[in-house]
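Since the structure comes first, as structure tokens, the remarks are kept for the end.
No value in this document is a laboratory result; all are computed from the given coordinates. If you're wondering where the values come from, they're calculated on a predicted model, not measured in any experiment. Cβ: placed from backbone, ideal geometry, glycine included. Neighbour counts: every protein chain shown.
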Amino acid sequence: MKKLTYLTVSLFSVFTFAQEVSKERVNTILSTLASDEMKGREIGTPENENAGNYIATLFKENNLEYCTGNSYLVPFNYKGKTVYNVCGVKKGKTDKYLGFSGHFDHIGTNNKSGDNIYNGADDDASGITTLVGISDYFKNKNPEFSMVFMAFNGEEKGMLGSTAIAGDKNLDKIYNNLSALFNFEMVATESQFGKNAVFMTGDEFSDMDELFNKNAVNGLTINPDPYAKEQLFYRSDNVNFVKKKIIAHSISTADMTKIKHYHQVNDDVSIVDFDNMTQIINNFGKTLEKLSPKNFAPKYTDKVKF
């Protein structure tokens, strides 16, 4: 596993002004978050706070504005201790927003000998890397939609961070104009649909995937949820925005029929398909460039249970 000491230079790395996000950039961000030095990023630990600060630094690199107050770090309480979500805004041509999220906490370490660190490369350093990659892509662009980027904490303890930030009245000015939220949850591997393909939890509950696919470029496809019986739509951070009647789905590539690293110590950078991740990030960016409030206004069906 790569060591954080060799990666801290990335905090000050210069983002190339090319249109596409590089595989090196994707590798650096994910490898930093999933490094042994982060010790599994369990909420309430110094390493978890380090991860939040690192994400805030990446948001600053991309010239995002604060969502509220004077910091990217948005505090909430966990067992009497102040912990943080991370939130940044990219202003576009309109006041309609698209949201991008993922969770940066994982489950820490165990007391066994040998490799005892749950690095959480897929779960969910990959999701954070994807949303940061999208903010990279739009750093020097002026999209039709404004964009909000949220890195949640405490997902592994019951979606605590997304519960807190979804209820933050200071962000209602964004939420009231939030057209859709893409919550990236485990996107490090090739999906059962192949490369350059993701699936959307709860696809039957809205037309978000259909509208996205009409504008998708380079063969990128959001596929139906093949694990609908597991009700993943209601089991990730997106659900706290569903409760607010905001269109919110999780986007994933996890092949639940084959996955052997979920909440295991082998969820490290060795399982990551960086080529596929980079392709998905760039094709998401190119597709998002084509979206506007005129051609992307998804709605829930009557099947969803708020």
So, with +1 on the Cβ of K and R and -1 on the Cβ of D and E, and no other charges, what is the size of the charge dipole of the range 190-273 about its Cα centre, to the nearest 20 debye? 220
Test of understanding: in a Gaussian network model of the chain with alpha carbons linked when under 10 Å, which of 68, 82, 221 would top the mean-square fluctuation ranking? 82
Output ³J(HN,Hα) for the range 159-165: one whole-Hz value per residue in order, computed from phi by the Karplus curve 6.51 cos²θ - 1.76 cosθ + 1.60 with θ = phi - 60°, and x for Gly and Pro. 6, 5, x, 5, 4, 5, 6
Hey, how much of the P(r) for the range 183-222 falls beyond 11 Å, as a percent of Cα pairs? 66
Relative to the compact globular guide of 2.2 N^0.38 Å, what is the alpha carbon radius of gyration of the chain, as a ratio? 0.91
Which ordering of 270, 22 is given by a fewest-first count of other beta-carbon atoms within 10 Å? 270, 22
Ranked highest first by the average count of other Cβ atoms within 10 Å around their residues, in what order do 159-171, 99-111 fall? 99-111, 159-171
